[in-house]
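The values are calculated or read from the model by the stated rules, or taken from the named source; none is laboratory data. As the structure is a prediction and not an experimental result, all values here were calculated from the model. Here the Cβ is made from the backbone with ideal geometry for all residues, glycine too, and neighbour counts use every protein chain on show. Note: areas computed on protein heavy atoms with side chains; ligands, DNA, RNA excluded. Shrake-Rupley method; radii C 1.70, N 1.55, O 1.52, S 1.80 Å.
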Amino acid sequence: MAKVANYDMPDDLYYTTDHAWVKIEGQQIRVGVTDFMQQLAGNITFVRVPRAGKDLEAGKTLCSMQSGKWAGKIMMPVSGKVVEANKDLASVPKPLNEDPYGKGWIAVIEPSNMAEVQTNLLFGDKALAFLQEEIAKHPQ
């Protein structure tokens, strides 16, 4: 696990430029929000998770969330079908802040093209460099 400033960043995950993480699980991916995103947002009080069975294109809204000082969206990292959503977050969003890389996951997706995960998302040094740029833009 990499640590950049005060932010955890597991080095086995892929990342998006809207601060989602993506974990490859066989032919599916699990998506959640990064530690940086949840710290920047503050205490997340509302999340709308996607409906299981829904086909979504890359770049479309996967979920929306808000805190007392922020409202935002996480976009689909790649095109695919939502096979599972973390419905518990709708009534109790605390895991988004308390365990963003564990119980705070948002959805499991079956990508239309798994190769897009490796080619379209940030990984390793590119992900670390992106996070460092974002920290510089958003000092807390």
Inset, instruction - Using a 1.4 angstrom probe on heavy atoms only, work out the carbon and sulfur share of the accessible area of the chain in %. - result: 48 percent
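Considering only protein heavy atoms, with the full assembly of protein chains and a 1.4 angstrom probe, order 117, 49 by accessible area, largest first.
Most to least solvent-accessible, the answer reads 49, 117.
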Inset, instruction - Report the equivalent ellipsoid semi-axes for the range 78-140 in whole Å, largest first, defined as the square roots of five times the eigenvalues of the gyration tensor built from alpha carbon atoms. - result: 24, 22, 8
Inset, instruction - Pairs of lysines 8 or more apart, or on different chains, with alpha carbons under 14 Å: count those in the range 1-134, would you? - result: 6
Inset, instruction - With a probe of 1.4 Å, find how much accessible area the chain has per residue, and write the answer as a whole number in Å². - result: 52 Å²
Legend entry - Normalised per residue, the volume of the convex hull around the Cα set of the chain (Å³): 96 Å³
Inset, instruction - Pop the C-beta distance of residue 69 and residue 110 into the FRET formula with R0 = 35 Å and round what comes out to the nearest 0.05. - result: 0.50
